Structures are given as structure tokens and as C-alpha cells.
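The structure under discussion appears below in the form of C-alpha cells.
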Amino acid sequence: MGHAPVFLPQPRWCQYATVAGLVALTALAPCMAQTHSQEALDEQSLNVIKQNPDLLPELGNLFERLARDVQFPPPRAQSRLLPLLPESTVFYAAVPNYGETSHQALRIFQQQLQQSPALRAWWQQGGAGKAAPRIEELLNSFYALSQYLGDEIAVSAEISPLVPRALVVAEIRKPGLRTFLQQLAGASKTPPILDEHELDHAQETGAGQWAVLVRPDFVAAATDVATLRSFNQRVEEGRRDFASTPFGRRISQTYDGGAMMVAALDFQRVLSQLPPGAMPQWETFRRTGFADLKYLVWEHKSVGGQTVGQAELSFTGPRHGIAAWLAAPTKPGGLDFVSQKPILAATVVLTDPAGIFEEIRSLSSTANPNAFVRFDQFEQSLGINLKRDVLSQLGGEITIEAESLSPPQPEWRLILRVKDPVRLQESIGRLLAAAGLKGEQFEEGGTQYHSFGMPVQGRPIELGYAFVDGYLILGPGRQAAPHGVRLHREGLSLGKSEKLASSLPPGHPESVSALLYEDPLALMALRLGQGSPDLASLFTRLAGQGQPMVVRAYGEQSAIREATTSSFFDPTAALVVGAIAIPNLLRARIAANETSAAASMRTIVTAQAVYATNHPQRRFAPDLATLGKTEAGESSAGHGGLIDGQLGDAKCIAGAWCEKTGFRFTMKADCRLKRCSDFVVVGTPISGSSGTRSFCATSDAVVRVALGPALDTPPNIQECKSWPPLQ
């Protein structure tokens, strides 16, 4: 492991290696997932790394080469595609053409595989060996396609009264694209690839049925033919409507100075398109201040030689409600009590803790007038007023640090800005006395400290705190608080560190409304702690030596802005991607769960028919357990052996639910003298995130469906027959 430091993220190349490495390597995931579950793959990869100590430095060499030798597309000062998009666009995204970049990364990866036995072993033992030719074919096809396209690819989404629509557009730099796409599609001819003449005569397609238009100057793909026709008409007429809209003009500003990636969302247009009754608690939502959201705009660009990710969440007017809780930027003094190498540190400046408490109380009471009844009783029993005696004494700045999370006693600190330390100490004393907790005092370095024991899960945990220079410093034991005070007085804190200062994005002020600081290597060590102690130990030794992730937020009168120079992770980009990907993943999982549930329903109905044939004296089985089988596997009237163990478990008696693939199933029969003339079997989602439809079936063998929340009580036979059949 003597070369392990090569693997450490370096300021220059890490910002490139992340993208280049992911372009070349994360393409493996879909192919590898065909033969390995993610859990098994992770475990197998970890085992390979542990068995091959040369792998980490070889990966470091690979990423260093990617950073040194891969060239990225230059920033774009304007977009020629943006004006061509629909005027009703609510979501916009634009990325550069990464074809050449991915091709360079693939070549470097292949070269390193040839030169490094450790990389080859990882590649093959990790499960990608058989998939490698397919991966290479896909990346080469992507590169070949990119050679036909211009330097930008733009995506537009709009909300229509019936279905959402999407459009993807790129310029064409050389002829032959249509032939190339037809060759890629092969005999499937899906999606249809049209020229302008064919578009005029093409049949309309349903929502989600993609079609492609190839013009001499542009290529466009859309979720339906009507969207393609609209795009083609705008190009023919030379219309540039979207560029003149307020949303289009705001997006155009992101290209000033050169943009790499851009994404934007028009909240007001989205809210205006919601159908009546879609948000029953509209008045409460309006009071939160988020009904005034205007745009979310994220951009990744080069500023002063640094790659900067920055975002703006703008409002139609001055922020109010919950949206205004984030205070104006200031220099957070709480960071002066934080160590220079924390695992995690975060600070936030709030406007007024007491006022925020009152706002929470008001919003909660609107929905439930009795929401704070028990809380008021609790305050009376303690003889204290939380707002007056505690929150009104706080200044709004809150800082938390995790310096070490190693057992037996993790080291963390909570630092609070305080207005009146004397009065707050009096309130803390009354709280401890009311709770029956005994406080003690001790002195260190001329500072008076307080400590008290608090029972947590049956065992006492000592907490210590002190008031220093307008801050309350709280931590576990008798060392955490004094350590924070020493850092403050000796100028050895995170707030005074060069690492934090160097992470400041160019053109952004040092004062902030919120700040998040993370050590990715230390967090990786925590993640590996239980599953792979050896790797966790390695990452623990490397912790603090790489580039941290630092995110800054700024609260302005009518906007909240975010900026980071971190090459590890841009949280706003993740939010943008998550906003698109998570609903799709959720829908895919729901669809898979519902397909499986419908198949299970048909299996049960078929099993009942077989059971009735095998046991005519009983007709149908009274419950799912009867359709199952014994541990020995034999079948009988009491155990038909006709369905799997999940549905036919011995616990799946009438009235009981059995779970399978996100659904709960139960069956009840209409029986007289041990003969069952009919039955109803029901499948309903475990939760709203696992399905949106319930299924039922009776002896008529028709699977029926009902849209809505999960069922607590299954329908009877007649109620089931009133449901519409599953199409």
C-alpha cells in the first residue's frame, strides 16, 4: 500500500476525473446488473479490493491519466438551440456533446487495463468481463453518434392539459445521421425516424411513443409526433418565441461567461397548470412562502479558472413564511469552534428562532387546532416557556460538527449563538431540575464549564457545555466543549483554515447564510465500517488529506443562492437529477410491483381451479395457506401445494395478510360445512410508494382493479365484482 496516496483526490484533476471516470465506467452498471444484484456486486468488488492491495493505487493512476489526458468541451457563450424550444417550456436542460470526451476516456481505460494486472483482475472478477464487448460497442456507438451532432444537446419539457411532453434537440454537423440512426434501430424501426416529408404524413402517436425528426440542420426527438410537427414549424417560420419569454431570458443569462451544463425549472408555470383541487391545502402552502417560487436555475461553469456549480432559487417577491427562515449572509462565528478536519460540519443562520417557533405553531394549528395542547401542558409541568426562556435567548446561528464518530464515545459539538448567556443558563438549570437531572461545574483554562448526565436507552451519557464569546458550546463528556474552546482561542479552527478559504467560489462573498463541509473519504470509511473493516481503516487513514466538499448558501431578499467548487458532489445538480430520476424510478418500481401482483392474482385463481378439480367435495380452498404446501412438499386437501411459500405460508389464513413484492395478499371464502362455494382474493399495496392500485378476483376468474390508496379492509365477493376488470 505504499503508493496509496496516489489515489487521493487532487484539486486539479479531481474535478475532471469524476466526470470522465463516470462517463467511461458507470456505463457498466446496466450491463453488470443483468447478472448481479447490486448488493452482491458491491460485496464482490469489496472482496476483490481487499484481496488485491495494488488495486487502489492503480485506480489512482487511472484517474490521474483521465484528468491529464482527457479534453473536455469548451464552455458555451450562448445557445443556438434555446430559441427553438416551445414557448410553454417549464423545464430546460442543456449539456455539451461529450462524445469525444467519453471516447478518450474509453481509450485510456483500455490502455490501463492492458498495462495493469490489478485492474484486469478487478474488471474480470467484478463481473464485467463478459459484458465488456457490449459495453465497448455501446460507447463506440455513442461516439459515432456524437460525430454527427453539434456542441450542445438541449432538453425541453412542457405540461399539457393531458400529458407531459418532452423534446430533445441538437444541431447536425454533417450529413448521414438518418442512415446511421436507421442502422442502429435495425429491424425494430422503433422509434420511427422521419424526414420532413414523412413528418407531414406521419400518423399521430400516443403519449410516450417517441419519434425522431432528422432535418438537414437539426435532429429532434419527442414524446409524440405532434411535438415534432410543432418544432419543425417553428424552425421553418424562424420563430424564436421561447427566447423572448421571461423564463427563456433568465436561462440565457446562464451562458454569460461560458456555461458547461445548465438546468432550469419554471415553478410558476408548473403551479398554474395544476388541475383544480390538486392541492387541497393551498392556503397553508401559500403561507409557507413556497407558492411564490419562481425559478430554479442550476449551472456548471468555469469562473476564474475554477469549475463552479451554482444555483438560484428565486421568488416572485420578497421571501416570507418558511421560505424566509434563512437569514441574510453573515460571517458564522460558530465555525471558530470546529476542528480543521471534521468528518462533517454544517452551519445555518436563521432569522429568529422564537419567531420561527410561532410560525410553526400557527401553521400546525391551522391543520390541527389541538396540535400544541400536549406541548402547552408539558411547558406548564416544567414551569418554563420555551419561546420566552430559551428560543428568545438564541441568536439564530446554529453549527454542528462531527469530528469523530468512532466508538465508544463519538466526538461532536453543537455551537449556538446566544444573546443572553446568563438568562439562558437559568433556563437550562430549571429544565435540569424539573427533569430530575443533577448538574455539576468544573473549570479548565480559566473557563467555567457545566456538565450533567442524561439517560439514553437505559445508560447515562454525560454532556458538557460552556458559554464563550457569545456562543454556547455543547458536546459529549468533559473534553468535547473544552477542545472546541481551545480551537477557538488558538486560531486552529475550521473557520480559520486555509482549506475552507480556498474552497470559496470566485465572485462569491465569504459571508454565508448556510455552509456544509464534508470529508468524503472519512464518510466512506464510516460506510465501510461494518461491512469491510480493512477498507474502512484505509479510508480512515486517508481522511482529511483529500479535497473536502463545501457548499455555501446565500439568503437574499427574493432568492436563495447556492455555490460550490467541490468536484465530488454538487447537491443542487443532484436535486435536479433526482427531481427527474426519482419519480421515474418510483413509477418503474410501482409498475413492476403491480405487474407482479396481477400475476400473483392469476396464479391464485388458477390454483383455486386446480384445487376444485382435485377436491370436488371441498370445491375451493378457504385461504391461501390451504393452497400452499407442507415443509415435506406433499399435497392434500389441507395443503394443496399449488402456490409458492410466500403466498401459501401457514400464517396466510383467512383474514391474515401475506406480503410479496410490495403488495399484501389475503383470501377469504364463502364456506358451509367445509365446502366453499366462492372466494375473494385481494392484493393491495403495502404503501403508496409500492403501488397505486389494488386487485381482487373471485371464482369467475376475472382479475379486477381499483385505483386508490392501500386497503385496510378487503372487499367482499360482491364488492369485488363491482370493480372494473383489469385490461
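Dipole magnitude for the stretch 588-721: computed about the Cα centre from +1 point charges on Lys and Arg Cβ and -1 point charges on Asp and Glu Cβ, it is near 220 debye. Ranked by how many other Cβ atoms sit within 10 Å of their own Cβ, fewest first, the residues SER694, SER687, SER503 fall in the order SER687, SER503, SER694. Annotation: lysines with alpha-carbon distance below 28 angstrom to LYS629 (same-chain offsets under eight excluded): LYS651, LYS660, LYS668, LYS674. Scanning residues 5 or more positions from LEU194 or on other chains, those with amide H under 5 Å from its amide H are VAL212, LEU213, VAL214, with H placed 1.01 Å from N in the peptide plane. Using the Cβ-Cβ distance between ALA591 and ARG672 with R0 set to 41 Å, the FRET efficiency works out to roughly 0.55.
The alpha-carbon of LYS331 sits under 21 angstrom from the alpha-carbons of these lysines, leaving out residues fewer than 8 places away in its chain: LYS341, LYS419, LYS496, LYS499.
Across the stretch 613-624, rounded Karplus estimates of 3J(HN,Hα) from the backbone phi angles (6.51 cos²θ - 1.76 cosθ + 1.60, θ = phi - 60°) give 6, 6, 9, x, 5, 9, 6, 9, 6, x, 7, 5 Hz, Gly and Pro being marked x. The 3J(HN,Hα) values that the Karplus relation (6.51, -1.76, 1.60; θ = phi - 60°) gives for the stretch 498-506 are, in residue order, 6, 4, 6, 4, 6, 8, 5, x, x Hz. Gly and Pro appear as x. Cβ crowding within 10 Å, taken as a proxy for footprinting-reagent exposure, orders THR603, THR595 from fewest neighbours to most as THR595, THR603.
In terms of its alpha-carbon gyration tensor, the stretch 182-318 comes out oblate; a/c meets the 1.5 threshold, while b/c is at least as large as a/b. Converting phi to 3J(HN,Hα) with the Karplus coefficients 6.51, -1.76 and 1.60 and the offset θ = phi - 60°, the stretch 286-295 yields 4, 5, 5, x, 7, 5, 8, 4, 10, 10 Hz in sequence order, with x at every glycine or proline.
Taking 0.36 nm per residue of separation and subtracting the current Cα-Cα distance, fully stretching the chain between ARG388 and TRP282 would add 35.0 nm. As a proxy for reagent exposure, ranking LEU391, LEU313 by other Cβ atoms within 10 Å from fewest up yields LEU391, LEU313.
Which length gain, in nm to one decimal place, applies between LEU504 and GLN646 when the Cα-Cα distance is subtracted from 0.36 nm times their residue separation?
Full extension from LEU504 to GLN646 adds 45.6 nm.
Other residues within the sphere of radius under 12 Å centred on the Cβ of TRP657, judged by their own Cβ, net out at 0 (K and R +1, D and E -1).
For LYS387, the aspartates and glutamates whose Cα comes closer than 19 Å to its Cα, not counting residues fewer than 8 places off in the same chain, are ASP352, GLU358, GLU359, ASP376, GLU379, GLU397, ASP420, GLU426. The H on the amide N of LEU726, modeled in the peptide plane, is under 5 Å from the matching H of VAL703, ARG704, VAL705, each at least 5 residues off or on a different chain. Placing unit charges on each Cβ (+1 for Lys and Arg, -1 for Asp and Glu) gives the stretch 183-306 a dipole about its Cα centre, and among VAL225, GLY258, PRO191 the Cα reaching farthest toward its positive end belongs to GLY258. The calculated FRET efficiency for the pair ALA654 and SER141, based on their C-beta separation and a Förster distance of 60 Å, comes to about 0.60.
So, R0 is 45 Å and r is the distance between the beta-carbons of GLU379 and ILE686; what FRET efficiency does that work out to, to 0.05? That pair, GLU379 with ILE686, gives E of 0.70.
Readers should treat all values here as calculations from the given coordinates under stated rules, not as data from a laboratory. Bear in mind that the values here come from a model prediction, so they are computed numbers and not experimental data. When we count neighbours, we look across all protein chains shown, and the Cβ atoms used for this are built from the backbone with ideal geometry, even at glycine.
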